[in-house]
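*Asks:* One structure coming up, written as structure tokens, with questions to follow.
The values are calculated or read from the model by the stated rules, or taken from the named source; none is laboratory data. This structure is a prediction, so every number in the text was calculated from the model and none was measured. Every residue, glycine as well, gets a Cβ built from its backbone with ideal geometry; the counts of neighbours run over all protein chains shown. The area values use the complete protein model at the heavy-atom level, side chains included, leaving out ligands, DNA and RNA. Shrake-Rupley method; radii C 1.70, N 1.55, O 1.52, S 1.80 Å.
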Amino acid sequence: MKAKLHVLEQDIATIDRGGIEYICITDIARYKSPDRTGVIIGNWLRNRNTIEFLGIWEQLNNPDFKVIEFDDFKKQAGLNSFTLTPKQWIGQTGAIGLVSRAGRYGGTFAQKDIAFEFASWISVEFKLYLIKEFQRLKEQEFRQLGWDIRRNLAKVNYLIHTDAIKENLIPDTLTAQQIGFVYASEADLLNMALFGVTARQWREANPQLKGNLRDHANVHQLVCLANLEAMNAHFIDEGLLQSERLVRLNQLAIRQMRVLVGRRLLPLLAAED
């Protein structure tokens, strides 16, 4: 189950199936009548305009849609004797625009365009608020995805970085405590090159903040950090001393941050030999 939408005090579930996003129209129907959601959806489905809309959507998006069965439903739509449930529509036409789920988190779900059409049938006002809330959720997911990608990029480069340290700086005879010191030292080398402080200095200066220095870095700093990690691994392979690497990494950080944020630089360490 994905995040829920919240529209006019009504919680609306969403799911993702096969790369298609669905919105629970059973929850939307509750806005009109909490105790008659099945009847409301059934009345919407028996409408001729609804059948035509669903059929066109399926023909545009579903190569396995059964057009002949669809035509049969379209001919009957609008008759007083015509009834149709989501399961019947899905089972007889092979439709993918609607999903019927049983159980505690069950209900009828519709692809977002279909869900918006249903919401319009319920209430134009509700539809507009639903679209706005859906867009807000997508923007939130996009921001989170971007953050996850940036963090994962930094983690991947960190693995490359630590492998280079292990192969080039840590003799087999070192103790686990010594190895940890070397890793911490190399991590702080990057911190000094980019932020001008070590992890400990940052914690002492910011006791009220949770996490570490890098958790509070901005987008530009994370991009630059990923590049610094890769370059430090390269410098280690070349056999450069740590003091030489600090100078080069700091110069690289200054150049890259100028490109990323113009001349609004964060205080960067002017590294010394």
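*Asks:* If packing is taken as the average count of other Cβ atoms within 10 Å, what order do 8-19, 112-123 fall into, highest mean first?
*Replies:* The densest-packed peptide leads the list: 112-123, 8-19.
*Asks:* Taking the simple approach of a point 7 Å from Cα along Cα-to-Cβ for both Leu79 and Val124, what is their distance in nm?
*Replies:* 3.3 nm
*Asks:* When only the heavy atoms of the protein chains count and the probe is 1.4 Å, how do Arg30, Arg203, Arg245 rank by accessible area, highest first?
*Replies:* Solvent-accessible surface, decreasing: Arg203, Arg30, Arg245.
*Asks:* Among the listed pairs Lys32/Lys127; Lys74/Lys127; Lys138/Lys210, which have their C-alpha atoms separated by more than 22 angstrom in this model?
*Replies:* Over 22 Å Cα-Cα: Lys74/Lys127; Lys138/Lys210.
*Asks:* Next up: Please list, in order, the residues from the range 28-42 whose amide nitrogen is less than 12 Å from a point placed 7 Å along the Cα→Cβ vector of Asn62.
*Replies:* none
*Asks:* From the protein chains alone at 1.4 Å, what is the descending order of accessible area for Asp71, Asp64, largest first?
*Replies:* Ranked list, largest accessible area first: Asp64, Asp71.
*Asks:* Looking at Tyr22, Ile40, Ile12, which one has the Cα that reaches farthest to the positive end of the dipole of the range 1-51 (charges on Cβ: Lys, Arg +1; Asp, Glu -1)?
*Replies:* The Cα lying farthest towards the positive end belongs to Ile40.
*Asks:* Pop the C-beta distance of Ala230 and Arg200 into the FRET formula with R0 = 25 Å and round what comes out to the nearest 0.05.
*Replies:* Efficiency at R0 = 25 Å is approximately 0.50.
*Asks:* Also, quick follow-up: When you take every Cα atom in the range 6-83, what is the radius of gyration, and what is Dmax, the widest Cα pair distance, in Å?
*Replies:* 14.6, 41
*Asks:* Still on this model: Taking the Cβ of Ile41 as the center, what net charge do the other residues with Cβ under 15 Å away carry, scoring Lys and Arg +1 and Asp and Glu -1?
*Replies:* +3
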